[in-house]
Amino acid sequence: MNIKNKIKITVNGKQMQIIPKFTLKSLITKLKMPLNKIAIELNKKIIDKNRISKIQLKKGDKIEIVHFIGGG
Amino acid sequence: MIDKRFKIANKIFKSRLIVGTGKYKSFSECAKAIKTSGADIVTVAVRRVNISNKNKARLMDYIDPKKITYLPNTAGCFTAEDAIRTLRLAREIGGWKLVKLEVLGDKKNLFPEMIETLRSTELLTKEGFKVMVYCNDDPLMAKRLENAGAVAIMPLAAPIGSGLGIQNKVNIKIIRKQTKLPLIIDAGIGQASDATTAMELGCDGVLINTAIAKAKYPIQMAEAMKYAVISGRKSFLSGRINPSLLGSASTTNKGII
């Protein structure tokens, strides 16, 4: 894959490069995130976790992946 | 006197002690403290996953949400919009509807921003959330939260993490008298006797994090808090004697030699 074809996205505030037609599901798999323990936001919209294989990421997309941590 | 069940939003809980999961040295210490405390509700926070360390331990690996009720909070939120965004994400992780709303107004003393808190309570309730609300100890505001649909009123005893104990018993008593909602002291507990006092004032429960997590021996303090809450509740239900400035001998004078 030519590097020029790569797409820049932001995941949890960090820049990442992906190939075109890369889906949200591929991203979650690549990051080894357990789906039942996270929630995903794409450009500030919450994404239904059952639909992530149908969502192709685009240039400039901002993704937030959150989970539970200790808190009071 | 038989106690009524501890019920929040129509769900019955065994323990009247709710424990926070922050500030522990490790997840394993946190899990042990929760087990020892007997709590069946724990507060949790929503934060970004660390994407550069995929193998990092997760809270959910140590505390099973099928066995313990997770109560997602909105720690660090300063507006209704922040709080709603956070709780929608929490709901998405696993369907949680029972939530702890905490909208702060000041980074130093961590006092609640009550106007935003009230607005958030209304909006979240309309969205179907069951909102337990961290609030100040103002009876008028407590009433407004109740009218807005809160499922539990959770006034502070003192600033979050301060360990100062209950600063305004009168207000807590007034709120107790005016509401039938669960009244839970949230924030400011320092030691076991503070938890007992809260229960003796008639509160339905106590939420404790720092006083356990930052104690020298957290597991032992978790146990102390468990019994403090049970003890305070029993004391409240038992109907204390009237205080008197005069002495009243416990031993009869009849048959004195």
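Read-outs: derived from the displayed coordinates by stated rules, not from any lab. On a predicted model such as this, the values are computed, not experimentally measured, just so you know. Note that we place each Cβ from the backbone using ideal geometry, even for glycine, and neighbour counts take in every protein chain shown.
Per-structure values
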item: Choice from B:Asn50, B:Asn136, B:Asn109 showing the highest fluctuation, given a GNM over chain B with Cα pairs closer than 10 Å; result: B:Asn50
item: Anchor B:Lys169: lysines whose Cα lies under 16 Å away (excluding residues fewer than 8 positions away in-chain); result: B:Lys177
item: Pair-distance profile P(r), taking every C-alpha pair of segment B:139-205, with 5 angstrom steps and integer %; result: 4, 19, 32, 24, 14, 6, 1
item: Euclidean distance between Cα centres, segment B:184-257 to segment A:12-72, Å; result: 48 Å
item: Nearest-ten-degree value, helix B:114-126 long axis tilted from longest Cα axis of chain B; result: 70 degrees
item: Check: the protein assembly as shown dipole with +1 on Lys, Arg Cβ and -1 on Asp, Glu Cβ, in debye; result: 1480 debye
item: Computed lengthening from A:Asn5 to A:Asn50, 0.36 nm per intervening residue step minus Cα-Cα distance; result: 13.4 nm
item: Cα lying deepest toward the dipole's positive end in chain B, options B:Val229, B:Pro243, B:Ile184, charges on Cβ; result: B:Val229
item: GNM result for chain B, Cα springs below 10 Å: residue of B:Met114, B:Met199, B:Met225 fluctuating most strongly; result: B:Met114
item: Distance (nanometres) between label positions extended 7 Å along Cα→Cβ at B:Asn10 and B:Asn53; result: 4.3 nm
item: Selected from B:Ser238, B:Ser15, B:Ser37 as most flexible by GNM, with chain B as the system and alpha-carbon contacts under 10 Å; result: B:Ser238
item: Estimated vicinal HN-Hα couplings, Hz - segment B:177-183 in sequence order (Karplus 6.51, -1.76, 1.60; Gly, Pro = x); result: 5, 8, 10, 9, 5, x, 10
item: Over 18 Å between alpha carbons, listed pairs A:Lys25/A:Lys54; B:Lys107/B:Lys216; B:Lys25/B:Lys66; B:Lys23/B:Lys216; A:Lys6/A:Lys58; result: B:Lys107/B:Lys216; B:Lys25/B:Lys66
item: Computed magnitude of the charge dipole of chain B (debye, nearest 20; Cβ of K, R +1, Cβ of D, E -1); result: 660 debye
item: Residue-averaged [θ]222 nm for the protein assembly as shown, counting only DSSP H segments that reach four residues, each worth -39500 (n - 2.57); result: -9500 deg cm²/dmol
item: Candidates per trypsin sites (Lys or Arg not before Pro) in chain A, loop by DSSP, up to 11 other Cβ within 10 Å; result: A:Lys21, A:Lys32, A:Lys44, A:Lys59
item: Computed label-point distance, nm, for sites B:Gln167 and B:Ile256 using a 7 Å Cα→Cβ extension; result: 4.9 nm
item: Given charges at Cβ of Lys, Arg, Asp, Glu: the protein assembly as shown dipole, positive-most of B:Leu87, B:Met132, B:Ser37; result: B:Leu87
item: Charge dipole (debye, nearest 20) of segment B:176-218; +1 at Cβ of Lys and Arg, -1 at Cβ of Asp and Glu; result: 40 debye
item: Residues whose placed amide H lies under 5 Å from that of B:Asp186, excluding near-sequence neighbours; result: B:Leu156, B:Ala157, B:Leu207
